[in-house]
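Before any comments, here is the structure.
The values are calculated or read from the model by the stated rules, or taken from the named source; none is laboratory data. Just so it is clear, the structure is predicted and the values come from calculations on it, not from any experiment. Cβ placement follows ideal geometry from the backbone for every residue including glycine, while neighbour counts extend to all protein chains displayed. Each accessible area value is taken on the protein alone, full model and side chains, heavy atoms only, with ligands, DNA and RNA left out. Shrake-Rupley method; radii C 1.70, N 1.55, O 1.52, S 1.80 Å.
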Amino acid sequence: EKFKQGLSKTRDNFASKVNDLVARYRKVDEDFFEELEEILIGADVGFNTVMELVEELKMEVKKKNIQDPAEVQSVISEKLVEIYQGDTKTPNTINIQSEGLTVILFVGVNGVGKTTTIGKLAHKYKTDGKKVILAAGDTFRAGAIDQLEVWGQRVGVDVIKQGEGSDPAAVMYDAIQAAKARKADILLCDTAGRLQNKVNLMNELEKVKRVIEREIPNAPHEVLLVLDATTGQNAMVQAKTFKEVTDVSGIVLTKLDGTAKGGIVLAIRNELEIPVKFVGLGEKMDDLQEFDPEKYVYGLFS
Ligand code: GDP
């Protein structure tokens with residue numbers, strides 16, 4: 001239900017248009033596919049992904065000798081799910097350790113919803129019975145530390161911090177010691193997201209990761225890039241840049257409730273080969289969902 005509600009704008013823009021297209025055409029021809037392409041591009045599915053999808057659709061239509069546009073609709077859903085799922089090597093789920101501390105690092109530019117996502121995830125894991133600690137690693141942006149503390153209080157989890165302008169790697173070191181001492185299960189780490197200076201950002205993230213890895217082998221277990229779905233193709237550009245700067249294991253796509261262009265999920269998965277692991281569907285604590293491609297696609301069309 002939540003999923004459906006949160007996706008209502010995309011449903012109106014995208015799924016309704018597909019439904020309308022299917023209703024208007026008597027047979028599946030070139031014009032039909034051209035209109036479909038336009039709808040998909042309008043929903044931010046991304047040019048390359050649209051071309052690939054439509055090519056596959058055409059082949060499927062030919063193979064199965066489909067004449068009726070209504071029948072194409074189910075094939076569209078199938079193909080969308082296939083693309084969302086991508087290769088099975090990169091799992092959609094979070095790599096939570098069965099024993100010991102799991103460290104998750106969050107990266108992304110300011111304003112995308114990084115702090116909110118950390119708060120929401122803290123709430124989710126706490127509700128699951130895990131002991132969660134937050135690390136205020138964005139020591140650069142004024143207010144970032146306070147904002148994380150507000151979320152910590154709201155959710156009821158500890159926040160490890162130092163002053164504004166302090167070394168993020170030192171904050172991480174403190175946070176890991178605290179997490180070990182308090183026998184925490186999950187450490188969620190905020191970081192500063194300055195894309196203006198790629199070299200600085202890269203160095204900072206590398207240093208943070210080194211400190212974490214030195215204390216806990218194989219950590220961080222996830223590096224989640226937070227992207228704002230309402231920024232459309234700009235989110236793609238950010239994703240490409242972050243991919244160059246660090247190893248990103250998954251994406252959190254926020255503000256899907258605020259966009260009619262939810263097709264961006266598809267473009268990201270397909271063109272960057274990074275799985276979308278969570279989607280943000282609102283500003284509240286429980287407005288974060290694990291991303292399930294089947295639920296997503298069938299939620300769109302139902
Ligand atoms: P940060 O600078 O990346 O840490 O971004 P914030 O966490 O401060 O979020 C920026 C704004 O986006 C805030 O007003 C949040 O309430 C809002 N926000 C975050 N996630 C979502 C979401 O999934 N949906 C909606 N509608 N708003 C969101």
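Odds and ends about this structure:
- Think of each Lys and Arg Cβ as +1 and each Asp and Glu Cβ as -1; about the Cα centre, that makes the dipole of the chain roughly 780 debye.
- Of the beta bridges in the chain, as assigned by DSSP with both residues counted there, near 10 percent are antiparallel.
- Estimated from helices alone, the mean residue ellipticity of the chain at 222 nm is -15500 deg cm²/dmol (sum of -39500 (n - 2.57) over DSSP H runs with n ≥ 4, per residue).
- Order by protection proxy (mean Cβ within 10 Å, highest first), peptides 173-180, 53-60: 173-180, 53-60
- Springs join every pair of Cα atoms under 10 Å in this Gaussian network model of the chain, and among 108, 282, 100 the largest mean-square fluctuation is at 100.
- Lys, Arg +1 and Asp, Glu -1 on Cβ, resulting dipole of region 210-269 about Cα centre, debye, nearest 20: 200
- Candidates per GluC sites (Glu not before Pro) in region 1-54, loop by DSSP, up to 12 other Cβ within 10 Å: 1
- Top of 257, 68, 158 by mean-square fluctuation, Gaussian network on the chain, Cα under 10 Å: 68
- About its Cα centre, region 30-119 has a charge dipole of approximately 580 debye under the convention of +1 per Lys or Arg Cβ and -1 per Asp or Glu Cβ, with nothing else charged.
- Normalising the average separation of contacting C-alpha pairs (under 8 angstrom, six or more residues apart) by the number of residues puts the relative contact order of region 69-226 at 33 percent.
- Panel note: the C-alpha atoms of the chain, placed on their principal axes, show extents of 67, 38, 34 Å (largest first).
- Accessible surface of the chain, 1.4 Å probe, proportion on carbon and sulfur as whole %: 46
- Based on C-alpha pairs under 8 angstrom that are at least 6 apart in sequence, the chain has a relative contact order of 27 percent.
- Per residue accessible area in Å² of region 88-190, where ligands, DNA and RNA are left out and the probe is 1.4 Å: 43
- GNM flexibility winner over the chain from 210, 26, 269 (Cα, springs under 10 Å): 26
- For region 91-192, applying the loop criterion from DSSP together with a ceiling of 13 other beta carbons within 10 Å to the GluC sites (Glu not before Pro) yields 99.
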